[in-house]
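Trainee: Sharing a structure, written as structure tokens. Questions coming.
None of the figures in this text is laboratory data; all of them are computed from the coordinates on show. All figures in this text were calculated on a predicted structure; none of them were measured in a lab. Virtual Cβ from ideal backbone geometry, glycine too; neighbours counted across all protein chains shown.
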Amino acid sequence: MNPVPKGLLPKVTIPSFVERASQGEKLVCLTAYDYTMARLVDEAGADLILVGDSLAAIVQGYGTTLPVTMDEMVYHCRCVTRGAPRALVVGDLPFMSYQVSREDALRNSGRLVKEGGVAAVKLEGGTSVADTIQAIVRAEIPVVGHVGLTPQAFHRMGGHKVQGKCKKGAGSRNQVIEDALAVEEAGAFAVVLEGLPAELAAEISEKLSIPTIGIGAGASCNAQILVTHDLLGFSGIQPPRFVKQYASLHEIITEAIRSYSSEVKEGTFPTTKHAYGAN
Ligand code: KIV
């Protein structure tokens, strides 16, 4: 683990994350997939950085999170942990890396920690993965749960759809509550609540003693997370309703590239200032 540079806030650990949330502090979580973004997010003071499998969409250009592989997740975790000396870094277990067997779940969680350098892993699901969470926690690998809109269940949900609105069955209000309780009971130290009506997320946050990390789940969660590329306006595409865009980097970047392009074509770049002399 890289030392925290002087002048930065203290390193965020799992106990300090949980303790600060229990004191009522709102915690800040963001995604990163590479060293440069991890440095920016860490320096700006995020408490937790998630190397999310959302990188399948943002970095790899897929329509869902399903294709990203274990080797790719390990690679991106390694890039991020090198750039994040302060924040708590959590790595996502990709689709089918923990569903087939407990052995797979343990081996793959271990890879994210040993090879990727993360402090904890995240996996999706509730009652159906409670045993898996318990086994990973018993191997001394801390776990973040993820319930509600779980993108790896894209096909079951029929898309990225808000959950917890119906009364019965998978994705129902009661099922989401049961899932969150099962994740806590299994030993997860925090849980992501994604794509839920705000009042349901508030009720779950009230029921649980572990911190809830909301995304599209209203203001009552202990922490908030967004995909960093969405809040920075990287894609130039209208983000989902729950995202607030704090910058329009797409315009800034395309404008800068157009300026470079015009100057190359006109011959005004490079000037002597950007060239080496013989001496
Ligand atoms: O993959 C991801 O980035 C996530 C968060 C958005 C919660 O799971």
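Trainee: If neighbour count is taken as other Cβ atoms inside 10 Å, put 127, 13, 132 in order from fewest to most.
Mentor: 13, 127, 132
Trainee: Find how much the distance from residue 100 to residue 268 grows on full extension, using 0.36 nm per residue of separation minus their present alpha carbon separation; answer in nm with one decimal.
Mentor: Computed gain between residue 100 and residue 268 is 54.6 nm.
Trainee: Still on this structure, please answer the following. For the chain, what is the number of Lys pairs with C-alpha distance below 21 angstrom, counting only pairs 8 or more positions apart or on separate chains?
Mentor: The result is 14.
Trainee: So how do 49, 253, 237, 58 line up by other beta-carbon neighbours within 10 Å, fewest first?
Mentor: Listed from fewest to most nearby Cβ atoms, that is 237, 253, 58, 49.
Trainee: Moving on. Relative to the compact-globule scaling 2.2 N^0.38 Å, provide the ratio for the alpha-carbon radius of gyration of segment 14-249.
Mentor: Relative to the 2.2 N^0.38 Å estimate, segment 14-249 comes out at 0.92.
Trainee: Considering only DSSP states other than H, G, I, E and B, which GluC sites (Glu not before Pro) in segment 1-86 qualify as loop sites with at most 12 other Cβ atoms within 10 Å?
Mentor: Qualifying residues, ordered by number: none.
Trainee: Let me ask you something else. Give me the log10 of I(q) over I(0) for segment 3-129 at q = 0.10, 0.14 Å⁻¹, as the Debye formula computes it from C-alpha points; what are the numbers?
Mentor: Log10 I(q)/I(0), no solvent term: -0.31, -0.61.
Trainee: Next question, about the same structure. Quote the FRET efficiency, to the nearest 0.05, computed for residue 209 versus residue 167 with a Förster distance R0 of 25 Å and r equal to the Cβ-Cβ distance.
Mentor: 0.40
Trainee: Using a Förster distance of 30 angstrom, determine the FRET efficiency expected from the C-beta separation of residue 256 and residue 114, and round it to 0.05.
Mentor: 0.15
Trainee: Hey, another quick one. Under 5 Å between amide H atoms, partner at least 5 residues away or on a different chain: which partners does residue 32 have, H built in plane at 1.01 Å?
Mentor: Under 5 Å from the amide H of residue 32: 50, 51, 52.
Trainee: Can you put 66, 88, 50 in order of Cβ neighbours within 10 angstrom, beginning with the fewest?
Mentor: Going from least to most buried by this count: 66, 88, 50.
Trainee: Given bins 10 angstrom wide, list per bin the percent of all Cα-Cα distances in segment 131-279, short to long.
Mentor: 11, 29, 24, 13, 9, 10, 5, 0
Trainee: DSSP loop trypsin sites (Lys or Arg not before Pro) in segment 183-271 with at most 15 other Cβ atoms within 10 Å of their Cβ, which ones?
Mentor: Listed in order of number, the matching sites are 241, 244.
Trainee: Right, another one. Relative contact order (percent) for the chain, with alpha-carbon contacts under 8 angstrom and 6 or more residues of separation?
Mentor: 15
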